[in-house]
1. Can you list the strands (runs of 3 or more DSSP E) lying wholly within region 205-256 that have 1 or more residues being touching a helix residue (DSSP H, G or I) at 6+ places or on another chain (Cβ under 9 Å) and closer than 30 Å to residue 40 by Cα?
2. Please enumerate the residues belonging to region 93-132 that are over 19 Å from residue 142 (Cα atoms) and without any contact (Cβ under 8 Å) to a residue 24 or more places away in the chain.
3. Which of the numbered conditions does residue 3 fail, given that it passes all the others? Conditions: (1) touching a residue at least 40 places away in the same chain (Cβ under 8 Å); (2) not assigned by TED's automatic domain parsing to the domain that holds residue 164.
4. How many residues are over 21 Å from the mean Cα position of the chain (by Cα) and not acidic (Asp, Glu) when one looks only at region 277-292?
5. Just checking, does region 72-86 include any residue being under 29 Å from the mean Cα position of the chain (by Cα), in a loop (DSSP other than H, G, I, E, B) and either among the aliphatic types (A, V, I, L, M) or crowded, with 18+ Cβ neighbours inside 10 Å (or both)?
6. Among 228, 195, which is surrounded by 17 or more Cβ atoms within 10 Å (Cβ to Cβ), of a type in the set (A, V, I, L, M, F, W, C) and within 27 Å of residue 67 (Cα to Cα)?
7. Is it the case that some residue within region 195-202 is within 26 Å of residue 51 (Cβ to Cβ), of a type outside the set (Ser, Thr, Tyr), in contact (Cβ under 8 Å) with a residue 40 or more places away in the chain and in contact with a Ser or Thr (Cβ under 7 Å, 6 or more places away or on another chain)?
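The values are calculated or read from the model by the stated rules, or taken from the named source; none is laboratory data. Keep in mind the model is a prediction, meaning the values are calculated, not measured. Note that we place each Cβ from the backbone using ideal geometry, even for glycine, and neighbour counts take in every protein chain shown.
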Amino acid sequence: MDFKPFSPDEARRIVQSLQKPAVYLNMTKDWPSLNWTVKHLSSCLTDRIRFRIGKRTEDRAPLFETECSYIEATLKEFLHWTANDGESSAGPFSDCEFREFWAYADYKYIAQLFHDKPAMFQDVVWSDFGFPGRDGHDSTLWIGTQGANTPCHLDSYGCNLVFQIQGRKRWHLFPPDDTACLYPTRIPYEESSVFSRVSVVQPDLKKFPAFRRARAHTVILQPGQVLFVPRHWWHYVESLDPVTVSVNSWIEMDIDDEARVQEALTKTIVCALKSPPSSDNDDHWLNPTEERVSSHDENMQYLNLAAKACMDKTRDRTEDGTLLAGSGKRDSSGLLKTLASDFSFVIPFGPHLIPVNCEVHLAHKPRCTCPKDTSYSRGYKDPSLCQTLSAHIECKGEPGCDGELLESSRLRAHQEPGSSDRREAGVHISTNDMIECLAHPDVIALITRLLMHRQRELHQ
């Protein structure tokens with residue numbers, strides 16, 4: 001076996017300690033999946049799979065999955081289309097000029113694709129990163145052409161390890177504290193994903209002025225490299241080469257149960273507002289990754305289960321959130337003993353572990369000083385939740401502060417072309433306007449804290 005710069009225990013310790021994206025090098029040289037080129041996979045997978053289709057144009061608005069076309073094709077048909085390079089071709093892609101369109105078979109579960117070839121699961125060796133038993137069965141496959149992209153979004157919980165196999169991909173990553181600058185939205189709705197309304201590679205700064213302050217961390221991931229994406233980091237991904245292949249493993253690690261309550265609450269609100277038929281509910285609001293619209297009763301059951309799990313996990317904590325005496329080992333400073341609190345551990349950045357650095361850092365610009373906590377997961381700690389929310393809404397700080405985002409509908413009316421006509425015609429609040437406010441991550445965090453506070457009072 002080839003030399004590995006980090007043992008499995010060291011690699012996992014790094015993952016658990018990293019607070020920013022980083023790239024592992026020289027960890028996959030002996031992985032059989034390094035040979036998973038599209039040509040190789042086309043001989044293993046003969047069934048048709050679904051490709052998402054988009055135009056190779058730079059737009060000032062993100063191309064969400066609900067706005068794309070879709071084609072069912074085999075990998076051999078896909079390869080034939082890419083090999084023509086502009087010439088007309090027969091088959092499923094016959095109406096798509098290769099130079100004008102991109103195709104992406106994204107988020108394909110390897111366990112489903114190769115259910116009849118389980119031996120292939122072992123070709124992806126995530127155990128080298130300290131996750132024993134984790135392999136291709138716990139991973140997804142991504143195959144695309146140049147220009148194929150994933151809309152900018154964050155994952156509500158979990159972190160990601162991404163193994164690049166063929167071609168290169170450029171990753172644009174933004175820290176959780178930049179959520180206010182990314183203009184989050186839950187339409188289209190996908191459970192555990194928050195999308196950005198900004199086209200991060202071609203931003204409309206008149207419509208989204210706060211994006212100027214976003215701190216972009218960019219990296220081009222090369223074949224054989226593994227990218228670590230921490231929890232709640234925003235990311236936009238674009239393929240740079242004619243054909244790209246990568247494998248992604250989402251890892252649920254140290255998940256905050258409160259985040260699950262937030263997701264359940266968001267789902268309940270979005271489905272309640274978008275499910276009933278109405279004149280402005282005819283858009284494609286449900287992402288293709290979601291199988292169906294769950295009923296209100298199902299969503300409330302899910303919310304109650306998440307709340308119960310959160311309550312059960314925090315019963316050994318005092319009211320201010322600190323652990324009760326004796327519940328868990330502590331270090332010399334009194335903190336719960338975890339790898340993350342092991343301050344003696346120095347992350348070994350060097351030739352085998354490269355940090356993804358900030359490309360644009362505008363932190364020197366003044367930020368709004370209104371009372372807030374912009375981290376998606378932390379919510380607000382002020383015991384007077386209603387007063388905190390009220391203060392946020394009243395804030396009139398610089399563009400991009402949370403007070404402004406909570407009035408996003410009002411701002412768009414002033415910023416978008418033709419807004420003067422709309423003001424003269426009177427106020428029009430759509431269902432999506434309501435969702436953007438009610439399901440804003442900061443508002444959901446506040447409501448979650450209020451709900452859990454009331455539940456604790458009832459069960460004291």
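1. On the way: elements: 216-221, 226-229, 234-239, 243-251.
Here the list reads 226-229, 243-251.
2. To start, the set of residues in region 93-132 that are over 19 Å from residue 142 (Cα atoms) comprises 94-97, 99-100, 116, 119, 127-132.
Listed by number, the residues that qualify are 94, 95, 97, 116, 119.
3. So residue 3 meets the others, but not (1).
4. Here is the first cut: in region 277-292, the residues over 21 Å from the mean Cα position of the chain (by Cα) are 277-283.
If we keep only those that are not acidic (Asp, Glu) too, we end up with 277-279, 281.
Final tally of qualifying residues: 4.
5. Scanning region 72-86, I find no residue that is under 29 Å from the mean Cα position of the chain (by Cα), in a loop (DSSP other than H, G, I, E, B) and either among the aliphatic types (A, V, I, L, M) or crowded, with 18+ Cβ neighbours inside 10 Å (or both), so the answer is no.
6. Working: 228 fails: within 27 Å of residue 67 (Cα to Cα).
Exactly one residue qualifies, and that residue is 195.
7. Step one: of region 195-202, the residues within 26 Å of residue 51 (Cβ to Cβ) are 195-202.
Now narrow it down to the ones that are of a type outside the set (Ser, Thr, Tyr): 195, 197-198, 200-202.
Next, from what is left, pick out any that are in contact (Cβ under 8 Å) with a residue 40 or more places away in the chain: 195, 197-198, 200-202.
Right, trim to in contact with a Ser or Thr (Cβ under 7 Å, 6 or more places away or on another chain) and you get 195, 197.
Yes, region 195-202 has at least one match.
Yes/no per residue for (1) within 26 Å of residue 242 (Cα to Cα); (2) under 19 Å from the mean Cα position of the chain (by Cα):
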residue	(1), (2)
123	yes, no
126	no, no
153	yes, yes
157	no, yes
176	no, yes
182	no, yes
188	no, yes
